[in-house]
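Submitted below is the structure of interest, expressed as structure tokens.
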Amino acid sequence: MIKNAKLLAVLLISCMGPPQLANAVSWSPLQEEREEKAAKGIMEKGTIVCLFQSGTEDVKKAININDILPVYRESKSHELQEVGKIKVLSYVGEDYLKGEVVDGELKVGDVAKKGDVASLIISSGDKCK
């Protein structure tokens, strides 16, 4: 009886064939996704951005280096929706800020705000010199 069970088990295993290895590793689309987002003007965490601001004293008093500013985008219903955050790295000239995206996916035209002052994202950081 035990001999028949062993024979049956060997027969079943041999019918299924040797175990096949599964190749679970596949091509990673991350770099392509980043390139596609960059082509669409989407800036992600770590991207350096340039922001336009009025250069007035109220802006300089409100926005400091290393501040984290929430960033908003206007929806189709004309409401502002928070889409990310920017860390202020430096003032560039009288009218610009250099910042780094720390959260979210931002686009040119989004607005960073702090209190009553706002700054407009105008480009990626390489154009903010």
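Among the candidates Gly104, Gly55, Gly125, Gly17, single out the residue that is surrounded by 15 or more Cβ atoms within 10 Å (Cβ to Cβ), small (Gly, Ala, Ser) and at pLDDT below 90.
Values: Gly104 fails: at pLDDT below 90; Gly55 fails: surrounded by 15 or more Cβ atoms within 10 Å (Cβ to Cβ); Gly17 fails: surrounded by 15 or more Cβ atoms within 10 Å (Cβ to Cβ).
Being surrounded by 15 or more Cβ atoms within 10 Å (Cβ to Cβ), small (Gly, Ala, Ser) and at pLDDT below 90 holds for just one of Gly104, Gly55, Gly125, Gly17, which is Gly125.
Looking at region 70-87 only, could you name the residues that are over 17 Å from the mean Cα position of the chain (by Cα) and either at pLDDT 95 or above or hydrophobic (A, V, I, L, M, F, W, C) (or both)?
Start the filter on region 70-87 by keeping residues that are over 17 Å from the mean Cα position of the chain (by Cα), which leaves 74-80.
The one that is over 17 Å from the mean Cα position of the chain (by Cα) and either at pLDDT 95 or above or hydrophobic (A, V, I, L, M, F, W, C) (or both): Leu80.
Can you tell me which residues in region 61-101 are without any contact (Cβ under 8 Å) to a residue 40 or more places away in the chain, within 14 Å of Thr47 (Cα to Cα) and of a type outside the set (A, V, I, L, M)?
Residues satisfying the conditions are Gly84, Lys85, Lys87.
Could you list, in sequence order, all residues of region 99-116 that are in a strand (DSSP E or B) and out of contact with any Lys or Arg (no Cβ under 9 Å at 6 or more places or on another chain)?
Lys113, Lys114 - these are the residues of region 99-116 that are in a strand (DSSP E or B) and out of contact with any Lys or Arg (no Cβ under 9 Å at 6 or more places or on another chain).
Being over 18 Å from the mean Cα position of the chain (by Cα), surrounded by 12 or more Cβ atoms within 10 Å (Cβ to Cβ) and either small (Gly, Ala, Ser) or not in a loop (DSSP other than H, G, I, E, B) (or both) is the filter here; which residues of region 60-69 pass it?
Lys60, Ala62
From the list Ser90, Ser123, Ser119, exactly one residue is touching a Cys at 6+ places or on another chain (Cβ under 8 Å) and in a strand (DSSP E or B). Which is it?
From the options Ser90, Ser123, Ser119, the qualifying one is Ser123.
Among the residues of region 71-87, are any under 11 Å from Gln53 (Cβ atoms) and among the small types (Gly, Ala, Ser)? I'd like the intermediate steps shown before the answer.
Here is the first cut: in region 71-87, the residues under 11 Å from Gln53 (Cβ atoms) are none.
No - not one qualifying residue is present in region 71-87.
If you check every pair at least six apart or on different chains, which have Cβ atoms under 8 Å apart with a residue in region 102-122 that is of a type in the set (S, T, N, Q) first and a residue that is outside any strand (DSSP E or B) second?
So the pair list comes out as Ser119/Gln53; Ser119/Val59; Ser119/Ile63.
The values are calculated or read from the model by the stated rules, or taken from the named source; none is laboratory data. Here the structure is a predicted model, which is why all the values come from computation and not from measurement. Because the Cβ atoms are built from the backbone with ideal geometry, glycine has one as well, and the counts that use them run over all protein chains shown.
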